[in-house]
Amino acid sequence: MNRLHQLAVNDEGFIFDPLTGESFTVNRTGLFIINRLKEGKKEEEILQGLLDEFNVSKEVAERDLIDFLEKLKSYRII
Amino acid sequence: MKKVYEKPVIVKVETGFMNKFGESPLYQRKVRTDIDGVSIDELVKKYGSPLFVISEKKLREKYRNIYNAFASRYPNVQFGWSYKTNYLKAVCAVLHQEGAIAEVVSGFEYEKARKLGIEGKDIIFNGPHKRLEDLEIAVKEGAKIHIDHFDEIIDLEKVADKLGKTVKVAIRLNMDTGIRPQWSRFGFNLETGQALDAVKRIAQSGKLILNGLHAHIGTFILDPNAYAKEVEKMVKFAYEIEDNFGFKIEYIDIGGGLPSKNKLKGTYLPPDIAVPPVDEYAEKIIDALYSNLRPGDFPKLILETGRAIVDEAEYLITTVFASKRLPDGRKAYICDAGVNLLFTAFWYKFNVEIDREVYGVNEPSVLYGPLCMNIDIIDDGILLPPLERGTRLIFSPVGAYNNTQWMQFIEYRPNIVMIMEDGTVEVVREREDLTDIERRERLPEKLKIR
Ligand SMILES: Cc1ncc(COP(=O)(O)O)c(C=O)c1O
């Protein structure tokens, strides 16, 4: 079950899950990705978004994105 | 303008995650850009990665510091360098220059000390496996032989007969000093009377002269009182021997075992807090000597301190080769050095430093070595910020027991350099290649691939 939609996310990168009581912190890049996921964006769109927004190579961003999504899966956020 | 990129990180907030020192573990990290003023980058560019780096300065400092703790309290102190702790020639040579004699535990180590230029009389020969031919050489050359078992007494009597001379020997004792596990497999047990039997046996034959006592109660001993007990028992036994058998015990060798500033796995306190300062050991040991020695008697006190001298003088630089995400969410890094080079990773949790400033929140990470083997783990629970491929990590202290117990397994062993006191860098052991590994192999003619 995807619990992204129930998460409360603030601008500082603090994330709270009201159903489980768990909280998380993300950095700016992590927040960027989470917000795009909440908007229902696909992986390729998020990658493009990272490239447009940040000073980063495609190779690095792609690897980091995959890694971050796997981390979200391990927390059962997606 | 585009924003500065930082690797995306998410960390679960656990209650109690803040440590009691008030600093957030999310941002703690240790950075090291050089060793003795030589940059990590330069070292790796020139000598490759992984790379062992020994600091001559630190090695001498540690030796002097520990030696002086004892020599400033007692007039007759001698250190014996425990070869098995690190028998690189350069390391041994530095410590011999500082005044240590050699302490060896096999025919091989004995040969090594001799080859380096150490005279037999300056070699302590310990260990349970001294072959007859080793003993013969050691007797001829006047080494200090510390007998481990009754069979060795018999062997030495044979050698004495053969060479037609009486031989000065010492015996190794084992005893209860409160340290568990008790090292009872080496030498003769004091409490059961076995040690006394050994002395009787030596006295009977008249071919051997007992002039020293030796013991080594264990390693990484965190309780200075254990040494006080050891010293008390040894001195009392020495007088029992002198009074009943007419031997003069000229020296008491209390072995090694002082801890280094390393962190044992499973301990909570950092080593700066958990490991008592060397002065505390020296104080307890010398106090115990003075309160048990007879007035005017100052037998030589020998120490065979290994890890406490060399451990902190050596570092291992390794490079992050790749990273991956484990199914449990932890970040894993594959480094180019593993348990093949760091044998002590099985019981130590090393200090890990990063060669550059890294931005981003720490996350629970695992450090793996390069081996295709499940056991190849350097650290299975460390908080690290997200690391790029090619980032260098510096592990320390690694000077004790790694350059002797490392294995050529799957990978070659790398360069070892020493940063000299004048800031120059010397290769003290070259990286291996295939010829080193295959030099002793023979392929039977009919198996050759054509
Ligand atoms: C006889 C003897 N002496 C000295 C040492 C050196 O010990 P450490 O490195 O703990 O000081 C050892 C190590 O096991 C030993 O067996």
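The values are calculated or read from the model by the stated rules, or taken from the named source; none is laboratory data. The model shown is predicted, which means the values in this text are computed figures rather than measured ones. Reconstructed Cβ throughout: ideal geometry from the backbone, glycine too, with neighbour counts over all protein chains shown.
At a glance:
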quantity: Top-ranked residue of the range A:64-78 - restricted to ones that are assigned to a helix (DSSP H, G or I) and among the basic types (Lys, Arg), ranked as nearest to the other protein chains (Cβ to nearest Cβ); calculated: A:Lys71
quantity: Condition met for A:Glu39 (under 13 Å from the mean Cα position of the chain (by Cα) and not hydrophobic (A, V, I, L, M, F, W, C)); calculated: yes
quantity: Count - residues of the range A:62-76 that are over 18 Å from A:Leu31 (Cβ atoms) and in contact (Cβ under 8 Å) with a residue 40 or more places away in the chain; calculated: 1
quantity: Single condition B:Leu258 does not satisfy, out of (1) more than 16 Å from the ligand (Cβ to nearest atom); (2) more than 13 Å from B:Tyr74 (Cα to Cα); calculated: (1)
quantity: Cβ-Cβ under 7 Å pairs, at least 6 apart or on other chains, the range B:1-30 side at the interface with chain A (Cβ under 7 Å from one of its Cβ atoms), far side at pLDDT below 85 and surrounded by 15 or more Cβ atoms within 10 Å (Cβ to Cβ); calculated: B:Glu6/B:Gly360; B:Lys7/B:Gly360; B:Val9/B:Gly360; B:Val9/B:Val361; B:Val11/B:Leu26; B:Val11/B:Val361; B:Lys12/A:Glu22; B:Val13/A:Ser23
quantity: Cβ-Cβ under 9 Å pairs, at least 6 apart or on other chains, the range B:66-90 side closer than 21 Å to B:Lys121 by Cα and basic (Lys, Arg), far side more than 16 Å from the ligand (Cβ to nearest atom) and outside any helix (DSSP H, G or I); calculated: B:Lys89/B:Val428; B:Lys89/B:Arg429
quantity: Residues located in the range A:16-34, provided they are more than 7 Å from every other protein chain (Cβ to nearest Cβ), over 16 Å from B:Lys7 (Cα atoms) and not aliphatic (A, V, I, L, M); calculated: A:Phe16, A:Asp17, A:Pro18, A:Thr20, A:Gly21
quantity: Answer residue from the range A:30-78, given it is under 20 Å from B:Leu326 (Cβ atoms) and of a type in the set (Gly, Ala, Ser) and is surrounded by the fewest Cβ atoms within 10 Å (Cβ to Cβ) among those; calculated: A:Ser74
quantity: Residue list for the range B:262-286, restricted to those being within 19 Å of B:Ser396 (Cβ to Cβ), surrounded by 16 or more Cβ atoms within 10 Å (Cβ to Cβ) and of a type in the set (Lys, Arg); calculated: B:Lys263
quantity: Test result for B:Asp197, surrounded by fewer than 22 Cβ atoms within 10 Å (Cβ to Cβ), free of Cβ contacts under 8 Å to residues at least 12 places away in the same chain and assigned by TED's automatic domain parsing to the domain that holds B:Asp287; calculated: yes
quantity: Qualifying residues in the range B:318-331 (those that are in contact with a Phe, Trp or Tyr (Cβ under 7 Å, 6 or more places away or on another chain) and within 12 Å of chain A (Cβ to nearest Cβ)) - the one surrounded by the fewest Cβ atoms within 10 Å (Cβ to Cβ); calculated: B:Gly329
quantity: Number of positions in the range B:288-347 that are assigned to a helix (DSSP H, G or I) and either within 16 Å of the ligand (Cβ to nearest atom) or more than 23 Å from B:Ile40 (Cβ to Cβ) (or both); calculated: 15
quantity: Selected residue [surrounded by fewer than 16 Cβ atoms within 10 Å (Cβ to Cβ) and basic (Lys, Arg)] from B:Lys248, B:Lys233; calculated: B:Lys248
quantity: Every residue from the range B:332-358 that is crowded, with 21+ Cβ neighbours inside 10 Å and within 14 Å of another protein chain (Cβ to nearest Cβ); calculated: B:Tyr333
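Yes/no per residue for (1) assigned to a helix (DSSP H, G or I); (2) modelled with pLDDT under 95; (3) under 28 Å from B:Phe298 (Cβ atoms); (4) away from the ligand (no atom under 14 Å from the Cβ):
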{"position": "B:Ala195", "(1), (2), (3), (4)": "yes, no, yes, yes"}
{"position": "B:Gly218", "(1), (2), (3), (4)": "no, yes, yes, no"}
{"position": "B:Asn225", "(1), (2), (3), (4)": "yes, no, yes, yes"}
{"position": "B:Phe247", "(1), (2), (3), (4)": "no, no, yes, yes"}
